[in-house]
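The structure is given below, and queries will be raised subsequently.
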Amino acid sequence: MEQSNKPHRKVKEKNTAKKKLHTQGHNAKAFAVSAPGKMAKTMLRSSDVRERKLHVPMVDRTPEEDPPPVIVAVVGPPGTGKTTLIKSLIRRMTKSTLNDINGPITVVSGKRRRLTFIECPADDLNAMIDISKIADLVLLMMDGNFGFEMETMEFLNLAQHHGMPRVLGVATHLDLFKSQSTLRASKKRLKHRFWTEVYQGAKLFYLSGVINGRYPDREILNLSRFISVMKFRPLKWRNEHPYLLADRVTDLTHPELIEKEGKQVDRKIALYGYLHGTPLSSVPGARVHIAGVGDFSVAQVEKLPDPCPTPYFQQKIDDYEREKMKEEGTSSTAATTTRRRKRLENKDKLIYAPMSDVGGVLMDKDVVYINVGNKNEGQSFVPGEEKGEGEKLVTNLQMVDKSIAERFDGVGLQLFSNSTELKAVNDNDEDADDIESDIEDEDIIEGEDQGRKSLRRPKMYGKSVQDDDDDIDNLPSDEEVEEGKPEMVDIDFGSGLPDNEKLNYATDSEFELSDNEESWAKNTANKLNGQISRKKKWDIGRLIYMDNISPNEVIKRWRGESNGDEDSDIEDEDAEDADFFKKKNDSATAAQNYDTDLEKFVPYFQTFDKLVQKWNDCKALKGRFVGVPTMKESENAEDNEDELMEENEDGEVFGDFEDLEEAENNGNEEESSKDDEGNESDDSFADFEEEEKKDLTTEQERELNAAKKEKLRLQFEMEEGENFKEDDPDNEYDTWYELQKAKIAKQLDINNAVYEEMTPEQRQTIEGYKAGSYVRIVFNDVPMEFIENFDPQVPVVIGGLLPTELKFGIVNARLRRHRWHKKILKTNDPLVLSLGWRRFQTLPVYTTSDSRTRTRMLKYTPEHSFCTASFYGPLCSPNTPFCGIQIVANSDTTGSFRIAATGIVEEIDASVEIVKKLKLVGFPYKIFKNTAFIKDMFSSAMEVARFEGAQIKTVSGIRGEIKRALSSPDGCYRAAFEDKILMSDIVVLRTWYPVTVKKFYNPVTSLLLQNKKEWKGLRLTGQIRAAKAIETPTNNDSSYKKVQRVERHFNGLKVPKSIQKDLPFKSQIHQMKPQKKKTYMQKRAVVLGGEEKKVRSMMQKVLTVSKAKDEKRKAKKSDQRKERLKRLAKVEEEKSQKDKEKKKDYFSKHGKKRTMDGDDMSGSQKKRK
C-alpha cells in the first residue's frame, strides 16, 4: 500500500550567525578590521540613528507626584466605530458599560496614570482644530474596507502644525474582507500610507468585527496595554501655557436675575476640569481664552478634591494620615502594611464622566435622568438590590424618616473641631454694644479666669479688625516693627474695662490660641494700638561682629537678659540709624495734631529757616548717596570723614551697615590706614582695576585683557555649549545633550527646593495651581448662547494667555498655500486662522521682498513656494505655527481639502511698509524739440508737484523726466526727453503705492451657535450676490473688447545727398527708378484659336461634373456617419442602463458601505456599529 501522506522532507541547514563568522575558515571577529570602508559606513549609520532619537532638551513641567490625566482623542470619519472603541476601552479598564458617550470620560488605567477619553465630532472642523491642540494621544480611526478619507488627512495636517501628538492608527471593518489575500494586501497598503503621513514605523492596530456591541477583548487588551505604557514628550506650546479640557459646565446665574431681565442676560458659569501644562495663576482677573467663545477674565479659581485619584496618590494620602494618627496617638493598634499588588483592584478602577450616564445617572443642565432599565429585568428601586447609582439615590431618598426642620432642630454651630458648639442666641437687650451669650461649658475649672462674657464693639477709625483679618495675619514680626503711631487705624482697647480684660477682644478671635501664643496676641494688640513700647530683640548675626562688647554680654543681649540702660542706649542708636528715612516732629504736640482721616489730614513740615540751619552744607548730604567714586575723593575721604561726622546731626551715616572686616583692619593698622571706624562712604572706595593698570606696561595690559576675554569666552561656552569638547578631561558629561539635560534637572531641583521651603499658601500664590489639579473656574458675563446652545459632545477648551498674547497688532508670518488645496489665495480675501488657542477670521496681505529694498504686495499666493503674509490679530511668540482655512461651515464645503494654508509666525507688532505697482499713463499734446507737454496723467497741479523729478518713459523706449506743472490746463505738465517724441507715443510713469493692512479681527464663536458646524464669517461680495441671486454689475471699461488698431504708415527714410556721398559702398542706398517703356511681355497679345478654345471648354465641363460627383459622395458619407453615431449612442445607453440595474441589484442584496442620510440607515450599517 502506498503512503497517502507527504513523505518526510529533510530539514535544510540554515546559515546561522556563528556559521557565517567561520565561512572563510577563521573567525572574522578575531582579527583586525577587514573592511575599513564598511566599518566607517556602519559607524556613521549607527551614529545617525542615535542622533535621530535625540530631541531638543525641554523642561518637563508635568508634576511627577500627581500628573494630569493623559488626553486620548478618538478621531475619524463618520461610521468608523469611534463610540464603539471608547465603550470597549472603558469596559476593559473599569468594567463599566456606558450607553451614551458625552464629553470627556476620565478613567484610572494604572497605579500612576489616568486617561481622559474624548470623542471628536467627525464632521466638525472647529472641534478637530481644538482637539489637535490639547490631545496627548490620538487614536486615528479609519475604515479598513474603504481606506483613508478626507477627514483623516485634514486632522493629520492640523495636528502636524499644532505640536504633533502621539498618533496610533486603528483600522476597523476588516471583517468585511472575504479573502485573506485581499485582507493582507489592504493591510499592507494602509500601513505604508499611514507611515507616509505620520512616520516610518508608526503603530497601526487592526480591529476585526463587533461582538455584542464591542470589539474583541484580545484586540482591545493589546491596545489598552500599549496605551498604558506610552511615554509622552512635552510639546513647546503646551509647555508654556496652562490649559484645561472642561468635563462639566454649571450655570451659576441667579434664577431671580433671569426672571427679572429675561433669558438674554449674560450668565455666570463655572467650568470644571483637570489642569494641564504650566501652573494656572491664582491671581483673580487672569485672562484666558475659551475656544469658540472668546477671551474672558477669571473671576474665581478653586481647587477641588480629585474625583478620580490614582491609587498611588491615594496611598500617599493614606500613609500621611496614618503617620498623623501615630503622632497624635489616636491609633491604638499597630499600623498594618498594605500588600503591594502589581495589578489594579476593582475598587481602584474609577471612572468619572459627569456628562455621560455612569451608574445609570445622566446630568443634563439642571435635570438628572435615572435609567431604570428594561421591563423584563425585574423590579426597580428595591432597597438592597439597586442596579446602579441612580437607583441608590432614589432609595436613599425614600428611607428618610425626618424632615429637614426636624433634623436641624437643636443643632448648633461649631467653628473648630475642639471648640464649643454654639446654640441659638437670645437677644433680650436691644443695645447693640452688649450682647449676652448663653454658651455654657461643662469642662470649666473652678477658680480659673475665663475672660469676658460678652463681645464689645470697639471704637474704630478706618477698617475694622473683623474686616481686615488678612492684614493682621500679614503683620510683620517683632524685629521688623518700628515704634510709632499707626496712621490709619486707631482702636480703643482699654476704655472703661479692667486691666485684665483689655486684651480679650484680640485673644477671643477666630484663632484658637495656645498658652505659648499669649505673647503673640499681646504683641498684635500693641501693634494695633501703636502706643505701647516693646523691647528690642537683637540679631545674633550683628552681635557676633561687634568688638566693643564681651561674648558674655552678647549672649545676655541675645537672650534678653541685658540691663535696661544698655538696651535703651542701643535702641537709641538704632533709632538714630533710621532717622534719615523717617519724618521727624519737633514736638509731641505736632504729632498729636495729625488726623487719621486723609480728607482732613494737614501735613506738617519744618520751616525753611530750620532746614537751612540743619543742612547748611551739601557735604552733609553728599555722603548719604551712592555715586561713582573718583580718585580725588578717595584720597581725601579720610580727611573729610571727621568733618562729615561733626556736621551730621543724626550721628552715624550708615546706621545699619556694619563693616564685617573691621576687626581685621584694626589688627593691621600699620599696613592700612583706611576704615578707622568702619563708617566710610562708598565714595572712598578706589577703582582697583585702574590702580593695577597704572603700574603695568602696554603689553602687560593687553595680556591681562586677553586673559579676561578668554575667561569670559570659556564661561560663555560652558553656559551655551556651542563648542562642547568631549575630549576635555574636566567635562563631567559625555555629550552636549547630557550637559543640557543636567542643567535643566539642576534648575528644576533648585526650584523644587525653594518651593518646598514655603507654606502651601505661599507656594500657591507664587506658583499658582499646578497641572493635575482638579479646579473650578468661574467666569462672569458669558453670553447666554453658550449655556442655551451647549452640546456636551463638542469639547470645551480653556487656554491660558501670556501677557504678550493679550495685545493686538500686525503679525508677519511665512505662509504657503497647502499643496492639496485646489485654489490659490488672494490678498484681502477672508481667511480663518488657527493661531495659538484662538480661531479668528482676518484679511491677510501677501507680500514678497524685492532684493530686500522694498516689500511688494502680491495679488495671489505663489504656486509652490512660501511668501510673507501680514495680518491683524493677537500677537503670538515667533516660531508659532498656524493653519489657515477658508470655509468652516459644512454647508459650504465642496468635498475638497479644506486646509488652505500653513505658516509660521516670524515677527510680531511689526510696522512694515507694503507697496504695490502703480502705472500712470499720459499723452503728449504739444511737442517741441526735446520737450513736450503731457496731459491726462494727473488731475491737479498738486499731484504734479508731488512727482516733480520722477522718471518717465514712452512705450517706444524714450526716457524722460517730469519738470514743472503748467498753469493751464490743470493737471498737465512739461517734460523733457532724451530725444524728440511723436504725438502717437504713450508716456508711462511707474511708481509705488502704499498698502495698509486692514485691522479686521473676527473670532470664530462656533460654541454660541445652535448648530456648531455652521459658523459663517465675513463673505466676499461675489458670494453674497450668488446667495441672493443678484446679477453682477457690468462696467463697460472692464469688459473685454476686440482690439482694433489702425495700421500706421511711416514715411520713408530720406537721406540727404551730401551724406549719401560719404557712406561706404555697402551702406549706400540703392534706389531703382521705374521703367517707362513697356517690355516685350507687356506688348505681346495672346489670342485663343478655335481648337484650343474647344479643349479648354471641354476640360471645364469635365471638372464641373467631377466636382458634383464628389459633393454627392461626401453628402452620402456624412449621412451614413450620422446613422452610425445614433446607433452607437443607443447601444451605449442600453449598456449603461444594464449597469445601473446590476448595481441596484447588487446593493439591494449586499447593502451599501455607508448611508449618507442618517434616517435611511441600512441593516448592515447597524450591524457594523
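The values are calculated or read from the model by the stated rules, or taken from the named source; none is laboratory data. No experiment lies behind these values; they were computed from the predicted model shown. When we count neighbours, we look across all protein chains shown, and the Cβ atoms used for this are built from the backbone with ideal geometry, even at glycine. Just the protein is used for accessible areas: all its heavy atoms, side chains included, with ligands, DNA and RNA removed. Shrake-Rupley method; radii C 1.70, N 1.55, O 1.52, S 1.80 Å.
If only one of MET141, MET153 is more than 30 Å from LYS741 (Cβ to Cβ), in contact with a helix residue (DSSP H, G or I) (Cβ under 9 Å, 6 or more places away or on another chain) and open to solvent by less than 10 Å² (accessible area, probe 1.4 Å), which one is it?
MET141 is the lone residue from the list that is more than 30 Å from LYS741 (Cβ to Cβ), in contact with a helix residue (DSSP H, G or I) (Cβ under 9 Å, 6 or more places away or on another chain) and open to solvent by less than 10 Å² (accessible area, probe 1.4 Å).
Can I ask one more? Can you say whether LYS231 is open to solvent by 20 Å² or more (accessible area, probe 1.4 Å), modelled with pLDDT of 90 or more and either within 30 Å of THR172 (Cβ to Cβ) or assigned to a strand (DSSP E or B) (or both), as far as the supplied structure shows?
Details: open to solvent by 20 Å² or more (accessible area, probe 1.4 Å): yes; modelled with pLDDT of 90 or more: no; either within 30 Å of THR172 (Cβ to Cβ) or assigned to a strand (DSSP E or B) (or both): yes.
Taking the combined requirement at face value, the residue does not satisfy it.
Turning to a different aspect of this structure: Going through the range 954-991 one residue at a time, which ones are assigned to a loop (DSSP other than H, G, I, E, B), of a type outside the set (Gly, Ala, Ser) and more than 57 Å from the chain's Cα centre (by Cα)?
If the condition is that a residue be assigned to a loop (DSSP other than H, G, I, E, B), of a type outside the set (Gly, Ala, Ser) and more than 57 Å from the chain's Cα centre (by Cα), then ILE958, LEU966, PRO969, ASP970, CYS972, GLU978, ASP979, LYS980, ILE981, LEU982, MET983, ASP985 are the ones that fit.
When only residues in the range 862-894 that are outside any loop (DSSP other than H, G, I, E, B) and farther than 21 Å from VAL845 by Cβ count, which is least open to solvent (accessible area, probe 1.4 Å)?
Filtering first and then ranking leaves ASN890.
Say we look at the range 950-982 and pick out the residues that are within 22 Å of PHE1050 (Cβ to Cβ) and out of contact with any strand residue (DSSP E or B) (no Cβ under 6 Å at 6 or more places or on another chain); which of these is surrounded by the fewest Cβ atoms within 10 Å (Cβ to Cβ)?
Per the stated criteria, the residue is GLY957.
Still on this structure, I have one more. If THR97 passes every condition in (1) open to solvent by less than 10 Å² (accessible area, probe 1.4 Å); (2) out of contact with any Ser or Thr (no Cβ under 8 Å at 6 or more places or on another chain); (3) farther than 14 Å from ILE227 by Cβ but one, which one does it miss?
With respect to (1) open to solvent by less than 10 Å² (accessible area, probe 1.4 Å); (2) out of contact with any Ser or Thr (no Cβ under 8 Å at 6 or more places or on another chain); (3) farther than 14 Å from ILE227 by Cβ, THR97 is out only on (1).
Assuming ASP66 fulfils every condition listed in (1) within 18 Å of PRO165 (Cβ to Cβ); (2) of a type outside the set (Phe, Trp, Tyr); (3) open to solvent by 10 Å² or more (accessible area, probe 1.4 Å); (4) touching a helix residue (DSSP H, G or I) at 6+ places or on another chain (Cβ under 8 Å) apart from one, which condition is it?
Going through the list (1) within 18 Å of PRO165 (Cβ to Cβ); (2) of a type outside the set (Phe, Trp, Tyr); (3) open to solvent by 10 Å² or more (accessible area, probe 1.4 Å); (4) touching a helix residue (DSSP H, G or I) at 6+ places or on another chain (Cβ under 8 Å), ASP66 breaks only (1).
Same structure, new question: Residues in the range 844-860: is at least one surrounded by 20 or more Cβ atoms within 10 Å (Cβ to Cβ), assigned to a loop (DSSP other than H, G, I, E, B) and in the same structural domain as ALA813 (by the TED database)?
Yes - at least one qualifying residue is present in the range 844-860.
Same structure, new question: Tally time: how many residues in the range 1052-1083 are among the hydroxyl-bearing types (Ser, Thr, Tyr), outside any loop (DSSP other than H, G, I, E, B) and open to solvent by less than 100 Å² (accessible area, probe 1.4 Å)? I'd like the intermediate steps shown before the answer.
From the range 1052-1083, those among the hydroxyl-bearing types (Ser, Thr, Tyr) are 1058, 1067, 1079-1080; that's our starting set.
Then drop every residue that is not outside any loop (DSSP other than H, G, I, E, B), which leaves 1058, 1080.
Narrowing further to those that are open to solvent by less than 100 Å² (accessible area, probe 1.4 Å): 1058.
Residues meeting the conditions: 1.
Just give me the residues in the range 198-216 being farther than 19 Å from GLY81 by Cα and crowded, with 17+ Cβ neighbours inside 10 Å, in sequence order.
Passing the criteria: only VAL198.
Would you check if there is a residue in the range 1021-1041 being among the β-branched types (Val, Ile, Thr) and more than 30 Å from ASP892 (Cα to Cα)?
Taking every residue of the range 1021-1041 in turn, none turns out to be among the β-branched types (Val, Ile, Thr) and more than 30 Å from ASP892 (Cα to Cα).
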